[in-house]
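Here's the structure we're looking at; comments come further down.
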Amino acid sequence: MEKKIEEKKHYPLVYFVLFFAVLALVGYFIKSRKPDQKVIQPTAPLASYDTTYFKKDEIKQFASDADFITAMREGQESGYQEVSRNAMAGDVMMMKSDASPQNNPSFESVNRSSGTNVQVIGIDEPDIVKTDSSSIFFSKERQYNYLMNDGIGRISDLKVQGMPSQIMPRYQPVNEVVAIGALPPTAMKVQSSIPQSGDMLISGKTLVLFSNDNTDGSLQLVGYSIANPTNPKKLWELPFSTKSQKVAARLQNNTIYLVTATSPSLPRPCPMPLIGGKTNMTIRCTDIYAPSSKPNSNSVYSIIKINPLTGKVEKTMSFVGQQGQNTVYMSADSLYLSYQIEGNIISILNQFVVENQGVLPSYIEDKIIKLQGYDLSQSTKEMEINSLLSQYLDGMDDSERLKQENQLKNSFTRFFSKYKRSFEYTGIIKIKNDDLTVQATGKVPGATLNQFSFDEWKGDLRVATTIGGRSSFVIGSNGSDEQVSDVYILGKNLEIKGSVKDLGKTERIYSVRFIEDRGYVVTFRQTDPFYVLDLSNGNSPQLKGELKIPGYSSYLHPIDSHLVLGVGRESDVKLSLFDVSDPQNPKEVSKYTLSGEYWSEAMDNHHAFLQDPKYKVIFIPGSRGGYIISYEGNSLSLVKALEAPAVKRGLYLNDYFYIVSDTGITSYKEGIWDKVGNVVFDKTEQTPIVQTDSIQTKEASAEGSVSDL
């Protein structure tokens, strides 16, 4: 239909959008009708969802291979495609490394060590920098060795960013994990290198690397002993299927929980290969779970429990879902996985016809009503309606289109406003950590942002969603005009107990943080409303306070019981310090802008953020360097900046702070912030000699000087 409309140059774009959007409206309502039944009144009206109970989304295993194949085919044939707003965003709270302090004959014992910034204390997450409180392990990815003639017959091996376009080097990928002896900080040194890269976890003296095979890109888990960091030894490996990729992973109580997504091969998907090598693990179709709502599914998500010391797979559980739409949140007892549910297009068109008779021609209304009862796949019904509406559009003149455009837009606006909480849902599966059994299922209206949209507190699950912002039912400007955000409180069986609704009208959620019995939500369109919620009573949560300031915060971090830090943007990267001691009157007590910085990885990836509560500082990387910022006295101020190419992370050991970049590590004495040491990974990265037009020139990295290294 789209191609055909575009060929008629006089079609207004908004008119096409309006008609296409009708097909994409989704919801849960109206029971099946007989093909020849003319509908005058709805038999099962679509609920406007005013905290009323609706049918739970149950989950059960496929009864046969044929049922699984049918579900996968319908999911792959569906035209609905959704890109997750944020592939990765935020955990919060600091967690110490689970490695115990170690004695070093040349340095004092380590009794204070930072770990990866994570969401839940005691549950670690993979990252590119890890420490065992003695060595720092840094995964260097997506760098290249440039091999070229230096002008006098020699081949130079250079690692350069921003290579001039006229240079045509031969190159090969350089992926490695570098182990650096961090103690003493005045004499750091490179200890060893592992010729693979990827996110890492450390359990005791074992480093687990989530890598990719250099030949086919398939996921690989590899365990290394780092008892002697100068000579890491491979202990085990798990080579995954080429059709599998890592979605998320956690480390709890010396057990790895890995979530993968696998694309099935039709028409013979099962048994589905998951892990090769000696493990040789496959998945049977009848072992895979599916929600009763039958959302569009094109992938199989697997939860795999792995012993990090041996690589042994202890337990697995699999279910179907749409690629890129699953979020993972883990508490001390349960693993929560979410998936998006969109309703039946024909059903919602049926409801629209019932409430807006005469807006569409009667023959189209009749066809929509009849299709509701036909035993055809969803995609086939959608194709039929597409063809029908395409012919209808082709037969209109300009005046007819103008009239119909206005009628449709007004009708859609009223319809969407009335039913906006019934078009899209977030389904949730609650899985017990111990044995990966399904404990409960539930769903809430709207779509979530990322893992911070979920939080468990005293048996309740809090979920923050945006209504009407990202699905294909958005109609012209109506989607954003009717967009709102809600917070729902779910009980232990994932039944909805209470809610706070209509936050940020016309806006979507940019960041969420749940801290004990409080909730903090930032929505954004033109200003940054910062909301404070009282969640102490799960049956009656309340909006307590609201603060509107320019810009937005895309990551929220609790500094202490009454201070929350926001990392986001106004014109440049901005840090905001919120005083929430009075929940009814939140205040921005301090703001600091990083001039010339337009982005920080900490805005999208919580692992790049670090707080040191002893010295009251936080660290974030930027595009030009790394920044250590003090919040002493509830006032934000810059205490140290390191200009270096591709600064990645910050960490501390005892009273020394380390900044890790692609070129090396620099250490500082905390408190006075004097530089005390540095280690350079490869000196050719600092001022490489590049041959261009027979003239030798020195080039610093495109991302900045490394003079401070």
Just to be sure before I move on: is residue 409 touching a residue at least 40 places away in the same chain (Cβ under 8 Å), more than 28 Å from residue 482 (Cα to Cα) and basic (Lys, Arg) in the structure I sent?
no
Checking the structure you have, find out if any residue of the range 628-636 is over 28 Å from the mean Cα position of the chain (by Cα) and within 22 Å of residue 188 (Cβ to Cβ).
no
Give the residue that is modelled with the highest pLDDT, with candidates limited to residues of the range 388-399 that are farther than 22 Å from residue 368 by Cα and among the acidic types (Asp, Glu).
397
Quick check: anything in the range 364-374 within 37 Å of the chain's Cα centre (by Cα), modelled with pLDDT under 85 and charged (D, E, K, R)?
no
Would you point out the residue of the range 288-334, among those that are of a type in the set (S, T, N, Q), more than 28 Å from residue 277 (Cα to Cα) and in a strand (DSSP E or B), that is modelled with the lowest pLDDT?
327
Can you go through 582, 612 and tell me which one is closer than 19 Å to residue 520 by Cβ and charged (D, E, K, R)?
582
Under 6 Å by Cβ, and 6 or more places apart or on different chains, what pairs join a residue from the range 269-283 that is buried (at least 18 other Cβ atoms within 10 Å of the Cβ) with one that is of a type in the set (Phe, Trp, Tyr)?
275/240
Going by the structure shown, is residue 362 over 30 Å from residue 316 (Cβ atoms), out of contact with any strand residue (DSSP E or B) (no Cβ under 6 Å at 6 or more places or on another chain), in contact (Cβ under 8 Å) with a residue 40 or more places away in the chain and surrounded by fewer than 22 Cβ atoms within 10 Å (Cβ to Cβ)?
no
If residue 452 satisfies all but one of (1) surrounded by 20 or more Cβ atoms within 10 Å (Cβ to Cβ); (2) on the phi > 0 side of the Ramachandran plot, what's the number of the condition it fails?
(2)
Within the range 462-539, strands (runs of 3 or more DSSP E) holding 2 or more residues that are modelled with pLDDT of 90 or more and closer than 18 Å to residue 422 by Cβ:
484-490, 496-503
Exactly one condition in (1) touching a Leu at 6+ places or on another chain (Cβ under 6 Å); (2) surrounded by fewer than 20 Cβ atoms within 10 Å (Cβ to Cβ); (3) closer than 25 Å to residue 179 by Cα; (4) modelled with pLDDT of 95 or more is false for residue 592; which is it?
(3)
Could you check, for the range 244-260, whether at least one of its residues is basic (Lys, Arg), assigned to a loop (DSSP other than H, G, I, E, B) and surrounded by fewer than 23 Cβ atoms within 10 Å (Cβ to Cβ)?
no
So which of 548, 544 is surrounded by 18 or more Cβ atoms within 10 Å (Cβ to Cβ) and out of contact with any Leu (no Cβ under 6 Å at 6 or more places or on another chain)?
544
Among residues of the range 57-85, those that are at pLDDT below 90 and either in contact with an Asp or Glu (Cβ under 8 Å, 6 or more places away or on another chain) or of a type in the set (S, T, N, Q) (or both), counted:
7
Are any of the residues in the range 518-525 within 25 Å of the chain's Cα centre (by Cα) and surrounded by fewer than 18 Cβ atoms within 10 Å (Cβ to Cβ)?
yes
Looking at this structure, is residue 564 buried (at least 23 other Cβ atoms within 10 Å of the Cβ) and out of contact with any Asp or Glu (no Cβ under 6 Å at 6 or more places or on another chain)?
yes
Any pair with Cβ under 7 angstrom, 6 or more apart, that starts in the range 323-351 at a residue that is over 17 Å from residue 429 (Cβ atoms) and ends at one that is part of a strand (DSSP E or B) and among the charged types (D, E, K, R):
342/424
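Condition check ((1) of a type outside the set (Val, Ile, Thr); (2) in contact with a Gly (Cβ under 6 Å, 6 or more places away or on another chain); (3) under 27 Å from residue 314 (Cβ atoms)) across all residues:
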{"residue": "188", "(1), (2), (3)": "yes, yes, no"}
{"residue": "199", "(1), (2), (3)": "yes, no, yes"}
{"residue": "203", "(1), (2), (3)": "yes, no, yes"}
{"residue": "221", "(1), (2), (3)": "yes, no, yes"}
{"residue": "225", "(1), (2), (3)": "yes, no, yes"}
{"residue": "238", "(1), (2), (3)": "yes, yes, yes"}
{"residue": "247", "(1), (2), (3)": "no, no, yes"}
{"residue": "282", "(1), (2), (3)": "no, no, yes"}
{"residue": "289", "(1), (2), (3)": "yes, no, yes"}
So, residue 647, is that one at pLDDT 95 or above, closer than 19 Å to residue 188 by Cα and surrounded by fewer than 19 Cβ atoms within 10 Å (Cβ to Cβ) or not?
no
Might you check whether a residue that is part of a loop (DSSP other than H, G, I, E, B), on the phi < 0 side of the Ramachandran plot and without any contact (Cβ under 8 Å) to a residue 24 or more places away in the chain occurs anywhere in the range 215-227?
yes
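The values are calculated or read from the model by the stated rules, or taken from the named source; none is laboratory data. Predicted model, so just to flag it, every value in this text is computed and none were measured. We place every Cβ from the backbone using ideal geometry, glycine too, and count neighbours over all the protein chains shown.
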